[in-house]
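Below: the structure, in structure tokens.
The values are calculated or read from the model by the stated rules, or taken from the named source; none is laboratory data. Given the structure is predicted, the values throughout are model-derived calculations rather than measurements. Here the Cβ positions follow ideal geometry from the backbone for every residue, glycine too, while neighbour counts run over all protein chains shown. Protein only, heavy atoms only, side chains kept; ligands, DNA and RNA dropped before computing areas. Shrake-Rupley method; radii C 1.70, N 1.55, O 1.52, S 1.80 Å.
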Amino acid sequence: MEKKNIFEVACQQLDLAAKELKLEQEVHCLLRQPMRELHFILPIRMDNGKVKTFQGFRVQYNDARGPTKGGIRFHPEETIDTVRALAAWMTWKCAVANIPYGGAKGGVICNPKEMSKGELERLSRAYVDKLYLTIGSEKDIPAPDVYTNPQIMAWMMDEYSKLRGYNSPGVITGKPLSIGGSLGREDATARGALFTVREAAKYLKLDLAQATVAIQGYGNAGSFMATLTKKLFGSKIVAISDSKGGIYNSEGLDPDAVVKHKKKTGSVIDFPATKKISNKEILELKVDVLCPCALENVITKENVKNVRAKIIAEVANGPTTPEADKILFQKKTFIIPDILCNSGGVVVSYFEWVQNNSGYYWKEKEVCEKLDENITNAFESVLNVSIVRKIDLRLAAYVIAVNRVVEAMETRGWI
Ligand code: GLU
């Protein structure tokens, strides 16, 4: 499998937009690098009494449109370049969604699956101790990402509030409801992605009630993607995978039962009445909708020829490489690009932050309706630009996003 530096991928995607927009070289250069990076170490007392040192990062990519925003990932394979790429993508994602934020991302190299609750709490608090002067409701607002969750956000918000001396719910989003989280945040990434799939299906005249769907990755986004797709559209989920492997049944799977099975056994594999398939095979299934919901760099020039889905909904960040993109575009695969497809998470994070800052909390219905309006508008704009300029949807999303960031930089007098 080709090993990609995903920050290079993010830069290549920007380069295409810069060319399309005929950006001045100086402006293009400015956008090719993060505004600010923090690298730090986190010495943590482990349960065995020994101190283990972890490496942490926070990258604030661009704040022309507002305070920077983006999740924190805890992952054994985290690298600074991954964080840089994800921070760049957050910048474009917030701009495409037209919410008043710049982009950021954080990460810690660690394996949360091998850590106790106490160790995770100490690591989460230590992360904030290192960063509390550079994050804040008006500066940089973290959220969950791969292997972080509402509990971790709660510890982080609590630590920040202690250091500041006052309750500061707006410093972080994706919190539990009891301390200022928003209704509808938990499944927002999947729900937003579903709205984009609904719009794509409308455009392609595909009946989702008859559609087959494969879900690669069964974490927060993937599991909600499966349960909501079945519930809202009645589509047939024929395959599901997680980091350990996948399951297939041409008659369709019950996503809720698969969630229960995964909770009990730690994986989707060995779910009754299914055929085992690999993570490689799931991407190559002949389905109407393929949803990569795990990590970046899974559809590459090596396997793209075998990808047969009609629609690819990029629920994960960066699942498709630029080389694979080109081939999928030629094959007329309808790719809903990540910065549009998975923007529901950060859109509801924005709603959470608005509620925190105003101290007035909304009903779930209101959150979902506003999310639908926001995502549907974004989808329409991207589709229109792609039709008018005769470019693919990813490039169209970048054209809109980069234009908005450049306009903000111009208005501020930076360029
Ligand atoms: N980690 C999520 C993403 O990649 C959510 C970010 C947020 O809510 O700030 O979009």
Taking the condition of being open to solvent by less than 50 Å² (accessible area, probe 1.4 Å), among the charged types (D, E, K, R) and outside any helix (DSSP H, G or I), how many residues in segment 130-165 meet it? 2
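A quick yes/no check of all residues on (1) aromatic (Phe, Trp, Tyr); (2) more than 26 Å from ARG394 (Cα to Cα); (3) more than 12 Å from the ligand (Cβ to nearest atom); (4) touching a residue at least 24 places away in the same chain (Cβ under 8 Å):
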{"residue": "SER137", "(1), (2), (3), (4)": "no, yes, yes, yes"}
{"residue": "PRO142", "(1), (2), (3), (4)": "no, no, no, yes"}
{"residue": "GLN151", "(1), (2), (3), (4)": "no, yes, yes, yes"}
{"residue": "PRO169", "(1), (2), (3), (4)": "no, yes, yes, yes"}
{"residue": "PHE195", "(1), (2), (3), (4)": "yes, no, yes, yes"}
{"residue": "ALA200", "(1), (2), (3), (4)": "no, no, yes, yes"}
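Quick grid of which residues meet (1) more than 9 Å from the ligand (Cβ to nearest atom); (2) in contact (Cβ under 8 Å) with a residue 60 or more places away in the chain; (3) not β-branched (Val, Ile, Thr):
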position: LEU340; (1), (2), (3): yes, yes, yes
position: VAL347; (1), (2), (3): no, yes, no
position: GLY359; (1), (2), (3): yes, no, yes
position: GLU373; (1), (2), (3): yes, no, yes
position: THR376; (1), (2), (3): yes, yes, no
Please give the number of the condition GLU37 fails out of (1) in contact with a Lys or Arg (Cβ under 8 Å, 6 or more places away or on another chain); (2) crowded, with 18+ Cβ neighbours inside 10 Å; (3) part of a strand (DSSP E or B). (2)
Restricting to segment 70-88, name every residue that is open to solvent by less than 10 Å² (accessible area, probe 1.4 Å) and touching a helix residue (DSSP H, G or I) at 6+ places or on another chain (Cβ under 6 Å). GLY70, PHE74, ALA85, ALA88
If a residue must be over 16 Å from THR173 (Cα atoms) and either open to solvent by 30 Å² or more (accessible area, probe 1.4 Å) or near the ligand (Cβ under 10 Å from one of its atoms) (or both), how many such residues does segment 98-114 contain? 5
Pairs, please: C-beta under 7 Å, at least 6 apart or cross-chain, first residue open to solvent by 70 Å² or more (accessible area, probe 1.4 Å) and in segment 43-63, second of a type in the set (S, T, N, Q)? PRO43/THR53; ASP47/SER116
Please state which of the following conditions LYS305 fails to meet, knowing it meets all the rest: (1) within 23 Å of the chain's Cα centre (by Cα); (2) assigned to a helix (DSSP H, G or I). (1)
For segment 328-337, indicate whether the set of residues that are touching a residue at least 60 places away in the same chain (Cβ under 8 Å), within 16 Å of the ligand (Cβ to nearest atom), open to solvent by less than 10 Å² (accessible area, probe 1.4 Å) and over 30 Å from SER161 (Cα atoms) is non-empty. yes
